[in-house]
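Structure record follows, encoded as structure tokens.
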Amino acid sequence: MTATAVAQSIDQFRDRFSRITQEVARRIVGHDAVVEGTVTSLLAGGHVLLEGIPGVGKTSLVHTLADALHLKFSRIQFTPDLMPADIVGTNIVQEHSHGGTFFEFQPGPIFANVVLADEINRATPKTQSALLEAMQEHRVTVAKTTYAIEEPFFVLATQNPLEMEGTYPLPEAQLDRFFFKLNVQFPSREELHTILDRTTGGHDPVVEAVLSREEVIGMQRLVREVPVARHVQDFVIRVLEGTHPDNKEAPELTRRFVRFGASPRGAQSVLLAAKIRALFEGRFAASIDDVRKVCFPALRHRVLLNFEGEAEGVKTDQVIEEILAKTPEAKI
């Protein structure tokens, strides 16, 4: 690509990114970092886990994002009695017009571009596992037949961190398949005023589709073309190694409170998110500063604390913060 073509691609990417976030902001009050993180995950081809108390707008955010994109949307409300076939679909018996019967596959709600998995931790492990192949491979297998899911494919799952009765914690293998874990915070006083003005009055903001499926796929392809300098990639690797307690260069907080560190998927997520942040900032190369900004949502669900860490109330964000502070930008 020529310098002019690169500049045009960056400007187009920034414009489209801003149009999505601005359209979502017409209905969603605050949560700018959550909206940006959600769009980042979509453009990286990943999935998002939203965690927050009830009523802070997690489900509304997903609905609004789907409205802002010209993509097929579906919602799955996870409950303890939900079965895998309720998600991926099943074969049903149909009758030929000339007599006789045959099996026909009826796709489940997973066959959409944007899938809302509401309260994902309320389903049993068997049902949760039905999402694994779809999230990683973008396909499902039913009765020995594999069906591809149309691109782009984006799962946005929500969970409530407070009410644990009747829930099934997500297994580590499924947590690792989420690109970002985003914490939805309680709104500020001013944001609460805006929320009440919008939701208790007669005006309901209309969100219009601002990007097509082809434009989203084009943005995803551009992200993969952003170069990363070797020293930036090396910094990502050293941060990842710092999450492992058996690594000799890991900081004290990691060695004391961490049971297992992040997987290579964590480094992939950090690097892709850093590329997207660079494009949004108008640069065609990811920097170490970009890496630092995206480490928390990319790694917080991949760092597993030990019993001592959980007992003392240590947060994974504290561990990541110390790792970033103790990891030099250049290898000494």
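All of the numbers you see were taken from the coordinates with simple rules; none came from a lab. Just so it is clear, the model here is predicted, and its values are computed rather than measured. A quick note on method: Cβ atoms are made from the backbone with ideal geometry, for glycine too, and the neighbour counts reach across all protein chains shown.
Would you work out the charge dipole size for segment 89-240 about its Cα centre, treating the Cβ of every Lys and Arg as +1 and the Cβ of every Asp and Glu as -1, and quote it to the nearest 20 debye?
In debye, rounded to 20, segment 89-240 gives about 520.
Looking at segment 222-281, which trypsin sites (Lys or Arg not before Pro) are in a loop (DSSP not H, G, I, E or B) and have at most 16 other Cβ atoms within 10 Å? Present the calculation step by step, with values, prior to reporting the outcome.
Values: sites: Arg224, Arg230, Arg238, Lys248, Arg255, Arg256, Arg259, Arg265, Lys275, Arg277; in loops: Lys248.
For trypsin sites (Lys or Arg not before Pro) across segment 222-281 that sit outside H, G, I, E and B with at most 16 neighbouring Cβ atoms in 10 Å, the list reads Lys248.
For Leu304 and Arg221 in the same chain, what is the full-extension length gain: residue separation times 0.36 nm, less their Cα-Cα distance, in nm?
That works out to 26.7 nm of additional length.
Let me check I've understood the local charge: for Leu182, count other residues with C-beta under 10 angstrom from its C-beta, Lys and Arg +1, Asp and Glu -1. What total comes out? Before the final figure, lay out each step's value.
Details: positive: Lys58, Lys181, Arg300; negative: Glu36, Glu51.
Computed value for this residue: +1.
Which value, in debye to the nearest 20, describes the size of the charge dipole of the chain about its Cα centre when Lys and Arg Cβ atoms bear +1, Asp and Glu Cβ atoms bear -1, and nothing else is charged?
Around 720 debye, computed over the chain.
For a Förster distance of 25 Å, can you work out the FRET efficiency between the beta-carbons of Lys144 and Ser74, rounded to the nearest 0.05?
0.50
Give me the distance in nm between label points sitting 7 Å out from Cα along the Cα-to-Cβ direction at Lys248 and Asp15, one decimal.
Here the modelled spin labels are 5.4 nm apart.
As an exercise, use a Förster radius of 45 Å and the Cβ-Cβ distance of Glu321 and Asp197 to find the FRET efficiency, rounded to the nearest 0.05.
Using R0 = 45 Å, I get an efficiency of 0.80.
Compute the length gained on full extension between Ser129 and Val206: take 0.36 nm times their separation in residues and subtract their Cα-Cα distance, giving the result in nm to one decimal.
Gain on stretching Ser129 to Val206: 24.1 nm.
Rounded to the nearest 0.05, what FRET efficiency is calculated for Glu281 and Ile92 with R0 set to 35 Å and r the Cβ-Cβ distance?
The formula returns an efficiency of 0.10 here.
In a Gaussian network model over the chain where Cα atoms closer than 10 Å are linked, find which of Gln220, Gln174, Gln128 has the largest mean-square fluctuation.
The residue with the greatest mean-square fluctuation here is Gln174.
With a ≥ b ≥ c the root eigenvalues of the C-alpha gyration tensor of segment 181-332, is it rounded (a/c under 1.5), prolate (a/b larger than b/c) or oblate?
Oblate, because a/c is 1.5 or more while a/b does not exceed b/c.
Rounding to the nearest 10 and keeping the result within 0 to 90°, find how far the Cα-based axis of helix 288-299 lies from the longest principal axis of the chain.
So the inclination is approximately 50 degrees.
What size of dipole, in debye to the nearest 20, comes out for segment 147-196 about its Cα centre when the only charges are +1 on Lys and Arg C-beta atoms and -1 on Asp and Glu C-beta atoms?
100 debye
Can you give the angle from 0 to 90° between the axis of helix 125-137 and the longest principal axis of the chain, with both taken from C-alpha atoms, to the nearest 10?
Helix 125-137 sits roughly 70 degrees off the main axis of the chain.
When Lys and Arg each count +1 and Asp and Glu each count -1, what net charge do the other residues less than 13 Å away from Gly218, Cβ to Cβ, add up to?
With Lys, Arg at +1 and Asp, Glu at -1, the net is -1.
Okay, helix-only estimate at 222 nm for the chain: each DSSP H run of n ≥ 4 adds -39500 (n - 2.57), divide by all residues, round to 500 deg cm²/dmol; what do you get? Numbers along the way, then the final one.
Working: 14 runs with 156 residues, N = 332.
That comes out to -14500 deg cm²/dmol.
What angle do you read, to the nearest 10 degrees and between 0 and 90, between the alpha-carbon axis of helix 316-326 and the longest principal axis of the chain?
That helix lies at roughly 40 degrees to the long axis.
Taking the simple approach of a point 7 Å from Cα along Cα-to-Cβ for both Asp81 and Asn160, what is their distance in nm?
1.9 nm
For Lys275, which lysines qualify as cross-link partners when the Cα separation must be under 28 Å and same-chain residues fewer than eight apart are set aside?
Filter leaves Lys58, Lys72, Lys181, Lys293, Lys315, Lys326, Lys331.
Which one, Pro109, Pro84, Thr146, is farthest towards the positive end of the dipole of the chain when Lys and Arg carry +1 and Asp and Glu -1 on their Cβ?
Comparing the listed Cα positions along the dipole, Thr146 ranks first.
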